[in-house]
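Notes for the one structure printed next.
The values are calculated or read from the model by the stated rules, or taken from the named source; none is laboratory data. Note that the coordinates shown come from a computational prediction; the quantities given were computed from them, not determined experimentally. Cβ: placed from backbone, ideal geometry, glycine included. Neighbour counts: every protein chain shown.
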Amino acid sequence: MKNYAEDFLAEIGVQEKQFAALYRGMASFFSLSDCSMWVLYYLIALPDDVSQQDLIEKMMFPKQTVNSAVATLSRKGLVELFAIPGTRNRKKIILTSEGRKLAEDTVCKMRRAEHRAAESMGEEKTAQYLALHREFLKRIQDEFAKEGLPSAGY
């Protein structure tokens, strides 16, 4: 007889891959790299000025990948980088008018669909989803630590 934990882990694995494939498919549909799509996404989604370091922390992509995506978007005239006063070399990233139009035609459509999907679940179910997801992440981190494995996010 299978253990419920095995079934749970198998289903979580499938669902995580389905989410990843869905968003990879969106990037491909928009003719963007995965990372460039997520840069645009977070430039639209985050309320304050965004630096490359902020993107690295939020997106969980390697630093080099994020920097490369930002550089590509900059070369294409979609973003501009401005030094943040009082910092050593941090730069805020601002969408140009062309970049804002691209974001409107791509990630803003995606975000509207995400909002409708979340709203269709209702406030109670979305809160439960987040609470359970957060609890499972914490438990995995704790169990990884017990095994001597890295337990922090990268």
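Thr65 passes every criterion in (1) in contact with a Leu (Cβ under 8 Å, 6 or more places away or on another chain); (2) of a type outside the set (Asp, Glu); (3) over 17 Å from Ala103 (Cα atoms) apart from (1). Conditions first: (1) farther than 14 Å from Leu95 by Cβ; (2) touching a Lys or Arg at 6+ places or on another chain (Cβ under 8 Å). Lys17 passes all but one, so which condition is the exception? Unmet condition: (2). Number of residues in the stretch 137-148 that are of a type in the set (A, V, I, L, M) and either modelled with pLDDT of 95 or more or within 20 Å of Glu16 (Cα to Cα) (or both): the value is 2.
Within the stretch 14-67, the set of residues being not in a helix (DSSP H, G or I) and not polar (S, T, N, Q) comprises Phe30, Leu32, Leu46, Pro47, Asp48, Asp49, Val50, Met60, Phe61, Pro62. Evaluating Gly77 against the criteria (1) surrounded by 14 or more Cβ atoms within 10 Å (Cβ to Cβ); (2) farther than 28 Å from Ile140 by Cα; (3) touching an Asp or Glu at 6+ places or on another chain (Cβ under 8 Å) leaves one unmet condition, (1).
If you filter the stretch 10-44 down to residues that are hydrophobic (A, V, I, L, M, F, W, C) and under 16 Å from Thr96 (Cα atoms), you find that the one that is surrounded by the most Cβ atoms within 10 Å (Cβ to Cβ) is Val39.
Being part of a helix (DSSP H, G or I) and either without any contact (Cβ under 8 Å) to a residue 12 or more places away in the chain or within 28 Å of His115 (Cβ to Cβ) (or both), is that true of even one residue in the stretch 76-84?
Of all residues in the stretch 76-84, those part of a helix (DSSP H, G or I) come to none.
No; the residues of the stretch 76-84 include none that is part of a helix (DSSP H, G or I) and either without any contact (Cβ under 8 Å) to a residue 12 or more places away in the chain or within 28 Å of His115 (Cβ to Cβ) (or both).
Checked against (1) farther than 30 Å from Arg134 by Cα; (2) touching a helix residue (DSSP H, G or I) at 6+ places or on another chain (Cβ under 6 Å); (3) not charged (D, E, K, R), Ser68 passes all but condition (2). Can you pull out the residues in the stretch 31-43 that are of a type in the set (A, V, I, L, M) and within 11 Å of Thr106 (Cα to Cα)? Result: Leu32, Met37, Leu40. Quick one: is Met110 among the hydrophobic types (A, V, I, L, M, F, W, C), within 23 Å of Tyr23 (Cβ to Cβ), surrounded by 11 or more Cβ atoms within 10 Å (Cβ to Cβ) and touching a residue at least 40 places away in the same chain (Cβ under 8 Å)? When the stated conditions are applied, Met110 passes them.
Among the small types (Gly, Ala, Ser) and at pLDDT 95 or above - does that describe any residue in the stretch 47-64?
Looking for residues that are among the small types (Gly, Ala, Ser) and at pLDDT 95 or above, one finds none in the stretch 47-64, hence no.
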